[in-house]
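What follows is a single structure, written as structure tokens, with notes after it.
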Amino acid sequence: MSIYMDTITIQISLSAYGDAVIYGSSGNHDFISGLSLKQRLFAWHEASFYGTELSVQTVQGIELVLLPSEFVIPFFAERELLAHIEWVWEGDAAQLIELAPMLAACIEEKKY
């Protein structure tokens with residue numbers, strides 16, 4: 001028996017302006033709607049008013065959530081996520097998850 005109610009796989013691409021373009025798929029490999037992804041991924045993210053202020057765009061039938069550049073490093077460094085969901089980070093998302101805490105520390109220490 002798993003401790004998770006759901007599994008969500010996250011993919012992220014960074015735009016030319018540093019915004020994170022995020023989409024997700026469920027455990028059965030169906031794409032998750034932008035609204036559902038915002039509600040789950042940003043449920044504890046006060047800076048985006050818990051995801052409500054983030055925009056959703058549709059590209060080739062896939063809904064993408066846009067996280068503005070000023071939120072990218074802090075959000076992924078802190079990673080305050082819903083604990084009942086298993087988060088799987090793939091591709092660039094996995095690299096961002098690994099690097100964000102170190103980048104946030106550099107910013108805090110003004111080593112840039």
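The values are calculated or read from the model by the stated rules, or taken from the named source; none is laboratory data. Just so it is clear, the structure is predicted and the values come from calculations on it, not from any experiment. No Cβ is skipped: glycine too gets one built from the backbone with ideal geometry, and neighbour counts run over all protein chains shown. Heads up: the accessible areas ignore ligands, DNA and RNA and are worked out on the full protein's heavy atoms, side chains in. Shrake-Rupley method; radii C 1.70, N 1.55, O 1.52, S 1.80 Å.
Rule-of-thumb check for the chain: C-alpha Rg over 2.2 N^0.38 Å? Working it through for the chain, the quotient is 1.05. The dipole here belongs to the chain: it is taken about the Cα centre, uses +1 on the Cβ of Lys and Arg and -1 on the Cβ of Asp and Glu, and is about 40 debye. Could you please state how large a percent of the accessible area of the chain is carbon and sulfur, counting protein chains only and using a 1.4 Å probe? Result for the chain: 55 percent of the exposed heavy-atom area is carbon or sulfur. Per residue, the accessible area of the stretch 1-83 comes to 60 Å² when a 1.4 Å probe rolls over the protein heavy atoms.
Short-range pairs are left out: with C-alpha atoms under 8 Å and at least six residues apart, the relative contact order of the stretch 35-112 is 25 percent. Among residues other than E70 with Cβ under 13 Å from its Cβ, the summed charge is -2 (Lys and Arg +1, Asp and Glu -1). Residues in the stretch 9-18 carry Karplus couplings, in order, of 9, 10, 10, 9, 10, 9, 6, 4, 9, x Hz; the curve used is 6.51 cos²θ - 1.76 cosθ + 1.60 with θ = phi - 60°, and Gly or Pro positions show x.
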